[in-house]
Amino acid sequence: MTTDETTEDRTLTNASVAALFHEIADVLEITGELPFNVGAYRRAADSIAHSPTDVLAAYRAGTPPRLEGVGKAIDEKLAELAATGRMADHERLVATVPPSLVTLLRVPGIGPRTAGDLWWALGIATLEDL
């Protein structure tokens, strides 16, 4: 998902919800968030991706599934996403980095930490800059 889309612009399958949480983890890592917090979003994304249940449908039905790695804060984000099709924290987070920075993650060998370092230290935010 690019940062100029909203979460309501796409079909909210388990795979797309997991991708959304992976993107949150990437942005958190780019911005230097604590590894524990980054890992929590990655674990939640993996649990959502591998869930045999349609996670958001279960939230809408009032029977959210127990997902490994999903605590209260992430549970609240899933409930918001199920109810509104949007996640305010995601929108706020992706607005903190240049949209082009996420494209750097597609370059082999450049992960979120390296992309963040390139941006903070050298001002590199696009493939052209690189």
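Taking the condition of being in contact with a Ser or Thr (Cβ under 8 Å, 6 or more places away or on another chain), farther than 30 Å from G116 by Cα and either outside the structural domain of N14 (by TED's automatic domain parsing) or among the polar types (S, T, N, Q) (or both), how many residues in the stretch 48-102 meet it? Final tally of qualifying residues: 0.
The set of residues from the stretch 20-44 being aliphatic (A, V, I, L, M) and over 8 Å from the mean Cα position of the chain (by Cα) comprises L28, I30, L34, V38, A40, A44.
Does D9 satisfy being within 26 Å of R106 (Cα to Cα), surrounded by 14 or more Cβ atoms within 10 Å (Cβ to Cβ) and modelled with pLDDT under 95? Taking the combined requirement at face value, the residue does not satisfy it.
Restricting the stretch 102-130 to residues that are among the small types (G, A, S) and in a helix (DSSP H, G or I) leaves a set whose member that is surrounded by the most Cβ atoms within 10 Å (Cβ to Cβ) is A115.
Tell me, yes or no, whether the stretch 26-34 has at least one residue that is among the β-branched types (V, I, T), assigned by TED's automatic domain parsing to the domain that holds A83, part of a helix (DSSP H, G or I) and at pLDDT 95 or above. Talk me through it step by step, then tell me what you get.
Of the residues in the stretch 26-34, the ones among the β-branched types (V, I, T) are 27, 30-31.
Subset that is assigned by TED's automatic domain parsing to the domain that holds A83: 27, 30-31.
Now restrict to residues that are part of a helix (DSSP H, G or I): 27, 30.
Narrowing the set further to residues that are at pLDDT 95 or above leaves none.
There is no residue in the stretch 26-34 that is among the β-branched types (V, I, T), assigned by TED's automatic domain parsing to the domain that holds A83, part of a helix (DSSP H, G or I) and at pLDDT 95 or above.
Please specify each residue of the stretch 59-72 satisfying the condition of being touching a residue at least 12 places away in the same chain (Cβ under 8 Å) and not charged (D, E, K, R).
We begin by selecting, within the stretch 59-72, every residue touching a residue at least 12 places away in the same chain (Cβ under 8 Å); these are 59-60, 64-65, 67-71.
Y59, P64, P65, L67, G69, V70, G71, listed by residue number.
Of all residues in the stretch 62-87, those being of a type in the set (G, A, S), closer than 22 Å to G39 by Cβ and outside any loop (DSSP other than H, G, I, E, B) number 2.
The values are calculated or read from the model by the stated rules, or taken from the named source; none is laboratory data. As the structure is a prediction and not an experimental result, all values here were calculated from the model. Methodologically, a virtual Cβ is constructed for each residue, glycine included, from the backbone with ideal geometry; neighbour enumeration extends over all protein chains shown.
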